[in-house]
1. Leaving ligands, DNA and RNA out of it, rank Phe136, Phe186 by accessible area with a 1.4 Å probe, largest first.
2. In Å², what does the accessible area per residue of region 134-260 work out to with a 1.4 Å probe?
3. Extent of region 100-189 along each principal axis, from alpha carbon coordinates, in Å, largest to smallest?
4. Within 10 Å of each candidate Cβ there may be at most 11 other Cβ atoms; applying that plus a DSSP loop requirement, which GluC sites (Glu not before Pro) in region 209-250 survive?
5. What net charge is computed for the residues neighbouring Gln133, neighbours being all others with C-beta under 11 Å from the C-beta of Gln133, Lys and Arg scored +1, Asp and Glu -1?
6. How far apart, in nanometres, would the label points at Arg206 and Ala219 be if each is projected 7 angstrom from Cα along the Cα-to-Cβ direction?
7. I'd like to know how region 112-260 sits against the 2.2 N^0.38 Å rule of thumb: what's its Cα Rg over that expected value?
8. Please list Ser129, Ser141 in order of solvent-accessible area, largest first, computed with a 1.4 Å probe with all protein chains present.
Amino acid sequence: MSGRARSARLVRPSSFDRSTYHYKSRRSGQAALEARIKEICHVRVRYGYRRCAAKDGVTAKQDRRVYRELGLQLRNKSPKPRVKAKLRDDRRPATRSNETWAMDFVHDQLATGHKLRVLTIVDIFSRFSPALQPRFNFRGSDVVAILETACKEVGFPATIRVDQGSEFVSRDLDLWAYQRGVTLDFSRPGKPTDNAFIEAFNGRFRAECLNAHWFLSLADAQEKVETWRKYYNEERPHGAIGNRPPILLHNRDGVTNPPP
């Protein structure tokens, strides 16, 4: 066979049966089924196609096809909105104690080299520190327990400024904030200046406590950190509040109890 003939054979379009061009679907009308599925999904928003099929009395395969054509598919995991959170939209200077707290973590280590984390909390108005807690590891439930203890002693804040750390975006902390009427004010990712007060406090804490001591054990670290916290709150003069110790401004007209 010549090259020209072979080329013509390769490019010649395939032949189709004429009935293919005039095929009509034999599927029965599905308008009633579509209306029924829409009705069910309107009332039962989280119903999938299997539950719809069970109520319709049709096969799951048939119901799935119609379900998808109507665009009613559900996401397997729908994001839960954080009910007591906001994203840095209307920050104003604090005017009273317990109006706004700031919270963060500081990293250090024991003399043995074991990694250590310290949860730091400070009141933005009075510069009073309700809690400084060293631990090896933290979970959201640990943060909640520390906050609950501190709030029972000094009162509940209206707002707490935090970053996007895993312990702060946890379900435990969000539930606690909702129950206690506390708003979690999240910093923007990569913007430490959104929480400048806690950054300044952490700098003083590191310079005056963490860098000034060897921590021989976790218990030793907890004791020395708590000693510094009491000194900071009750004796150390703070330039931002007129060289007075924070305890003199703490809890003046501040929130003392969570809302009923």
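1. Values: Phe136 70, Phe186 5 Å².
Solvent-accessible surface, decreasing: Phe136, Phe186.
2. Using a 1.4 Å probe on heavy atoms only, each residue of region 134-260 averages 53 Å².
3. Result for region 100-189: principal-axis Cα extents of 41, 27, 25 Å.
4. Glu235
5. Working: positive: Arg117, Arg135, Arg229; negative: Asp142, Glu226.
Around Gln133, the surrounding residues sum to +1.
6. According to this spin-label approximation, the distance is 3.0 nm.
7. Details: Rg = 15.4 Å, N = 149, 2.2 N^0.38 = 14.7 Å.
Compared with the compact-globule rule of thumb, region 112-260 sits at 1.04.
8. Working: Ser129 0, Ser141 50 Å².
Accessible-area ranking of Ser129, Ser141, largest first: Ser141, Ser129.
The values are calculated or read from the model by the stated rules, or taken from the named source; none is laboratory data. Just so it is clear, the model here is predicted, and its values are computed rather than measured. Don't worry about glycine lacking a Cβ; one is built from the backbone with ideal geometry, like all the others, and counts go over all protein chains shown. Just the protein is used for accessible areas: all its heavy atoms, side chains included, with ligands, DNA and RNA removed. Shrake-Rupley method; radii C 1.70, N 1.55, O 1.52, S 1.80 Å.
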